[in-house]
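Colleague: This structure is in structure tokens; I'll ask about it shortly.
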Amino acid sequence: MSNELLEIDELRVGFDGFLALDGLSLTIGDGELRFIIGPNGAGKTTLLDVATGLTRPTAGSVRFDGAEIAKLAEHKIVRRGIGRTFQNATVFDALTVSENLDLAASSHRRWGLLRPPALSGELESLLEDVGLAQVAHDPAGSLSHGQRSWLEIAMLLAQRPRLLLLDEPVAGMSKAERAATGELLVEIASQRTVVVIEHDMEFVRQFAEHVSVLHAGGLLREGSVAEVQADPEVQRLYLAPDHGDEASDTDEALDANELTAATAR
Amino acid sequence: MEQLATQLFIGLSIGAVLLMVAVGLSVTFGQMNVINMAHGEFIMIGAYSAYVTQAVLGEDLAGWSFLTALPVAFVAAGVIGVLVEHLLIRRLHGRVLDTLLATWGVAIILQQAARDIFGAPNVQLMRPEALQGGITLAGVNMPFTRLTILGLAVGVVVLLALMIDRLPHGRRMRAVLQNRDLAEARGVNTSRVDRVTFFVGSGLAGLAGVAVTLLGPVGPSVGTLYLVDAFLIVIVGGLGHLRGAVVAAFALGVLNTFVEFSTSATLARAAVLLMVPVVMSGFEVSLLTRFLALAILAVGLDLAWGYGGMLSLGHGLFFGLGAYAMAMHLKLEAAGRDMPDFMVWSGRSELPWWWEPFRNAGFATAMALLLPAAVAAAMGYFVFRNRIRGAYFAILTQATVVVFTILLVGYQGYTGGSNGLTDLETMFGLDLGAVSTQRLLYFVTAGALVAVYLLARQLVRSRWGRLLIAVRDTEDRVRFLGYNPVAIKVVAFALSAALAGLGGALFVPVVGIVAPEMLGAVASIEMVIWVALGGRGSLVGAILGALLVNYAQFTISSVFPAGWSYAQGALLVVVIVAAPLGLVGLLRSARGRFDSRIVPTLATKER
Ligand SMILES: Nc1ncnc2c1ncn2[C@@H]1O[C@H](COP(=O)(O)OP(=O)(O)O)[C@@H](O)[C@H]1O
Ligand SMILES: [Mg+2]
């Protein structure tokens, strides 16, 4: 981790006097797979919003690959190599699944934009990987909740960004889907830098190595899963004190998830 | 060589089917001056008659079903043809445009009926055993089915020729064909002649339908496919000329198999557009030309609103810029070496410097497109960059068009004021009042509309078009794929404005005048109504909307001026409430293949 890809320094974001991020500093190394956890309202989504230009910081800096990006327009940040997904998977409902994917992969084209959408072999196999090949020509609006998340992830991959930011990618997914998503993320992380915001602790335990804990707009702890879990303050705040019974733990996490998804809508 | 001969043979057999269709079309058209858009549906009726006949006869008698189906199909199609003639076409005698639209409606109804009765998927008939296999002659493989079709067509044409030549009805037919009034005066019962002709013509299409079942599966819209080519044949072969039709049919059939001929609905419409002025009076032609020019604007408006979500209540501005650019040129042409009359009346002694370049026809035409595009691009850039959308955008565009008309009226010495630019008499040296000029304008405008439609269709199907829809529904998300929605919207809006300008430039020579009221705030809202009624988010819908609404307006307001406003208002309310996707949306949902692509328009956040 000699190379820092994303450097966040003393970031402050205020909404009408309320500070959603309060002097947050955080770095992500090139090639890392980082999980960011924290209770609802900790500022996780706000962090992604600032890193992708959706929200402007009140103070502080965001550097990507050494250059300041906090004041760039959204699409320019994307062109530098940062891609993201949203807490409620957002895709283009009126377009088909393959059109969605094709658009995601085509932003670098110029005259190619005047041609009809056409999936390359690479994109087709991507559709296979996320299990959407069967519904490639259906409108995205007809997909189930889980399928939408998958499509959004596939679109993110089709963009080929250097840094992938995923906001609660497994929210609302079944247990099997979660496992598959986790494996996919680990595989992607072998080639790209990936930041995953997650709420589901079992998922984190299963797939995370390096974890950052956000709380009240600041960084609370950082370390391996085991270290973070062992931290009394983190436990008090966020984790269930007793980890003996994994199943019930997961259920709780699931409920929390659904709650977030529901309130976010 | 043998390959070629086999291809030729296949082409001839397709030509045979086309011939049976075209012959019927040709006689009814030649004799009654009627463009029957439902003629293709008689093929469909013939095909399903064969299907029913086979079902009734059962498997044991399947061998006989083809022969039995021929008279059944002939009578079935003939009877329905006579019904259409009696109930509809006769009542619309001499009203070509009405007949065209009404029979189009019949076609839609008949297709839907077939769909309801037999289901939407194609049906495949069993091939009679006697017709399986074929003969090989000089290396050319000739299946019996195709030989049968050829034989059938030849027989039909020979019989028809004999009938026209020998039978009393044929003589009467020829008499009516040559001079309807004279024939009537001599005591020929023309309406009876018409009925018989229609029966035969429709019946022949029914026979073609039976033939088609030998070639492959058939479905409810089988007729549309053949109608396109039949129109072409009738045009190429000459109206009402049997021999011409025979040659043209076989030529087209052969051409079809060699060239991958794109028999799309577009071509059908294009073919109809070509035929129309041949049968209409000069006045009707210029009326239709006006509507076609407005349809070009509607396509542009639909690109911006239906596809891009930019509801413009100010397209009159762009229409007006195009119209005035062209009108300035025509006004200078009319004035010759003198000053335009209104300038003299306003006491001006010199032509304003910015009028000068409009003496050049090329400059005026270019400005008619570029001026609206440039104004729209500039306006769009500032508005979209500041993320102004929906209602704010609509109000802004409406305000702009109000300012534009105030300027037009206020600077009378430069613009002709509220009278506008009047007494435009010639265009590029041609007399605008002459019927030949009106026909020419018609063809130019119809050609422009077809070109604009094809271009727009290409665009909306491209990635750019998909992106435009994405921007309409979820503009902010598009940014995170690396696109700049502002650029996409500016281009779309400018293109939309250029099309409005083109419509305006084509509109002016037809009406010979342009005035501020034609492009003001009210006119701009009416433009939106056309697209809303026809169906936003569908190019065909926009065109249909412009044509139908303007046509209805013309018809209703000429008899009952106040009626139009009521009708228009009521229609709009009904459509917006009950069918937000307009006529095309209704048709699509009736067909059960509601295009989900445009469904989200309903939920589009028009912030
Ligand atoms: N646009 C906004 N306006 C006002 N408050 C906001 C806005 N976005 C987020 N917040 C507040 O900022 C805090 C952090 O939100 P968020 O980053 O979404 O948290 P997390 O994703 O960690 O659950 C929350 O208290 C939220 O209510
Ligand atoms: Mg969040």
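Colleague: Here are B:Ala394, B:Ala374, B:Ala378: which of them is closer than 18 Å to B:Ser496 by Cα and modelled with pLDDT under 90?
Modeller: B:Ala394
Colleague: Taking the options B:Ala77, B:Ala138, name whichever one is touching a residue at least 24 places away in the same chain (Cβ under 8 Å) and open to solvent by 30 Å² or more (accessible area, probe 1.4 Å).
Modeller: None of the others qualify; the one that does is B:Ala138.
Colleague: Just to be sure before I move on: is B:Ile488 in contact (Cβ under 8 Å) with a residue 24 or more places away in the chain, farther than 16 Å from A:Thr96 by Cβ, assigned by TED's automatic domain parsing to the domain that holds B:Ile296 and among the β-branched types (Val, Ile, Thr) in the structure I sent?
Modeller: So B:Ile488 passes the test.
Colleague: Identify all residues within the range A:161-174 that are open to solvent by 30 Å² or more (accessible area, probe 1.4 Å) and touching a residue at least 40 places away in the same chain (Cβ under 8 Å); write none if there are none.
Modeller: Matches in the range A:161-174: A:Arg162, A:Gly172.
Colleague: Another question, if that's okay. Could you tell me whether B:Gly413 is over 38 Å from the mean Cα position of the chain (by Cα), in a helix (DSSP H, G or I) and surrounded by fewer than 18 Cβ atoms within 10 Å (Cβ to Cβ)?
Modeller: Against the criterion (over 38 Å from the mean Cα position of the chain (by Cα), in a helix (DSSP H, G or I) and surrounded by fewer than 18 Cβ atoms within 10 Å (Cβ to Cβ)), B:Gly413 qualifies.
Colleague: Name the residue that is modelled with the highest pLDDT, counting only residues in the range B:544-561 that are over 14 Å from the mean Cα position of the chain (by Cα) and among the aromatic types (Phe, Trp, Tyr).
Modeller: Of everything passing the filter in the range B:544-561, B:Phe554 is modelled with the highest pLDDT.
Colleague: Here's another thing I want to ask about it. Which pairs do you get when a residue that is more than 20 Å from A:Phe203 (Cα to Cα), found in the range A:38-51, comes within reach of a residue that is more than 8 Å from ligand 2 (Cβ to nearest atom) and open to solvent by 20 Å² or more (accessible area, probe 1.4 Å), reach meaning Cβ atoms under 7 angstrom, with the pair 6+ apart or on two chains?
Modeller: Within 7 Å, the pairs are A:Thr46/A:Thr55; A:Asp49/A:Thr55; A:Val50/A:Pro57.
Colleague: Quick one: is A:Leu11 within 9 Å of ligand 1 (Cβ to nearest atom), among the aliphatic types (A, V, I, L, M) and within 16 Å of A:Ala216 (Cα to Cα)?
Modeller: no
Colleague: Quick check on my filter: what residues within the range A:89-110 are within 10 Å of chain B (Cβ to nearest Cβ), farther than 26 Å from A:Thr45 by Cα and open to solvent by 10 Å² or more (accessible area, probe 1.4 Å)?
Modeller: A:Thr96, A:Glu99, A:His108, A:Arg109
Colleague: Still on this structure, please answer the following. Residue check: is A:Val62 within 14 Å of chain B (Cβ to nearest Cβ) and either away from ligand 2 (no atom under 16 Å from the Cβ) or open to solvent by less than 10 Å² (accessible area, probe 1.4 Å) (or both)?
Modeller: When the stated conditions are applied, A:Val62 does not pass them.
Colleague: What single numbered condition from (1) surrounded by fewer than 22 Cβ atoms within 10 Å (Cβ to Cβ); (2) in contact with a strand residue (DSSP E or B) (Cβ under 6 Å, 6 or more places away or on another chain); (3) in the same structural domain as A:Arg12 (by the TED database) fails to hold for A:His137?
Modeller: The failed condition is (3).
Colleague: If you don't mind, there's one more thing I want to ask. Do you know which residues across the range B:479-531 are under 23 Å from B:Thr365 (Cβ atoms), touching a strand residue (DSSP E or B) at 6+ places or on another chain (Cβ under 9 Å) and either open to solvent by 10 Å² or more (accessible area, probe 1.4 Å) or not small (Gly, Ala, Ser) (or both)?
Modeller: Residues satisfying the conditions are B:Phe507, B:Val508, B:Pro509, B:Ile513, B:Val514.
Colleague: Hey, could you check the range A:111-127 for residues that are more than 7 Å from chain B (Cβ to nearest Cβ) and open to solvent by 80 Å² or more (accessible area, probe 1.4 Å) and say which is farthest from the chain's Cα centre (by Cα)?
Modeller: Per the stated criteria, the residue is A:Trp111.
Here's the yes/no breakdown for (1) free of Cβ contacts under 8 Å to residues at least 60 places away in the same chain; (2) open to solvent by less than 50 Å² (accessible area, probe 1.4 Å); (3) within 16 Å of B:Val84 (Cα to Cα):
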| residue | (1), (2), (3) |
| --- | --- |
| B:Ala185 | yes, no, no |
| B:Val193 | no, yes, yes |
| B:Ser202 | no, yes, yes |
| B:Gly209 | no, yes, no |
| B:Val212 | no, yes, no |
| B:Leu215 | no, no, no |
| B:Val218 | no, yes, no |
| B:Leu225 | no, no, no |
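Colleague: Regarding the range B:51-71, can at least one residue be identified that is in a helix (DSSP H, G or I), open to solvent by 10 Å² or more (accessible area, probe 1.4 Å) and charged (D, E, K, R)?
Modeller: No, every residue in the range B:51-71 fails to be in a helix (DSSP H, G or I), open to solvent by 10 Å² or more (accessible area, probe 1.4 Å) and charged (D, E, K, R).
To keep it simple, each residue is scored yes or no on (1) outside the structural domain of A:Ala226 (by the TED database); (2) out of contact with any strand residue (DSSP E or B) (no Cβ under 9 Å at 6 or more places or on another chain); (3) more than 16 Å from ligand 1 (Cβ to nearest atom).
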{"position": "A:Leu6", "(1), (2), (3)": "no, no, yes"}
{"position": "A:Gly17", "(1), (2), (3)": "no, yes, no"}
{"position": "A:Leu26", "(1), (2), (3)": "no, no, no"}
{"position": "A:Gly38", "(1), (2), (3)": "no, no, no"}
{"position": "A:Glu68", "(1), (2), (3)": "no, no, yes"}
{"position": "A:Ile77", "(1), (2), (3)": "no, no, yes"}
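Colleague: Here's a follow-up. Please go through the range B:109-135 and give me each residue that is open to solvent by 80 Å² or more (accessible area, probe 1.4 Å) and not in a helix (DSSP H, G or I), ordered by number.
Modeller: B:Pro121, B:Asn122, B:Gln124, B:Met126, B:Arg127, B:Gln132
Colleague: Looking at the range B:330-370 only, could you name the residues that are open to solvent by 60 Å² or more (accessible area, probe 1.4 Å), among the aliphatic types (A, V, I, L, M) and under 26 Å from B:Gly503 (Cα atoms)?
Modeller: Hits for the range B:330-370 are B:Leu369, B:Leu370.
Colleague: Looking at the range A:78-88, which of the residues that are of a type in the set (A, V, I, L, M, F, W, C) and surrounded by fewer than 24 Cβ atoms within 10 Å (Cβ to Cβ) is nearest to the other protein chains (Cβ to nearest Cβ)?
Modeller: A:Val78
Colleague: Let me ask something else. When the residues of the range B:461-476 are narrowed to those that are touching a residue at least 60 places away in the same chain (Cβ under 8 Å) and open to solvent by 10 Å² or more (accessible area, probe 1.4 Å), which ends up farthest from the other protein chains (Cβ to nearest Cβ)?
Modeller: In this case the residue turns out to be B:Arg472.
Colleague: Which one of A:Leu6, A:Leu21, A:Leu33, A:Leu48 is within 16 Å of ligand 2 (Cβ to nearest atom) and under 14 Å from A:Leu165 (Cα atoms)?
Modeller: A:Leu48
Yes/no per residue for (1) closer than 30 Å to B:Ser281 by Cα; (2) in contact (Cβ under 8 Å) with a residue 60 or more places away in the chain:
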{"site": "B:Leu8", "(1), (2)": "no, yes"}
{"site": "B:Val17", "(1), (2)": "no, yes"}
{"site": "B:Gly24", "(1), (2)": "yes, yes"}
{"site": "B:Phe29", "(1), (2)": "yes, yes"}
{"site": "B:Met44", "(1), (2)": "no, yes"}
{"site": "B:Leu57", "(1), (2)": "no, no"}
{"site": "B:Leu70", "(1), (2)": "no, yes"}
{"site": "B:Leu88", "(1), (2)": "yes, no"}
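Colleague: Now for a different question. Check the range A:153-161 and report whether any residue there is out of contact with any helix residue (DSSP H, G or I) (no Cβ under 6 Å at 6 or more places or on another chain) and not in a helix (DSSP H, G or I).
Modeller: Yes.
Colleague: Which one of these does A:Val13 not meet: (1) open to solvent by 20 Å² or more (accessible area, probe 1.4 Å); (2) more than 14 Å from chain B (Cβ to nearest Cβ)?
Modeller: (1)
The values are calculated or read from the model by the stated rules, or taken from the named source; none is laboratory data. It should be emphasised that the depicted structure is a prediction, and the values quoted were computed from it without experimental measurement. We place every Cβ from the backbone using ideal geometry, glycine too, and count neighbours over all the protein chains shown. Just the protein is used for accessible areas: all its heavy atoms, side chains included, with ligands, DNA and RNA removed. Shrake-Rupley method; radii C 1.70, N 1.55, O 1.52, S 1.80 Å.
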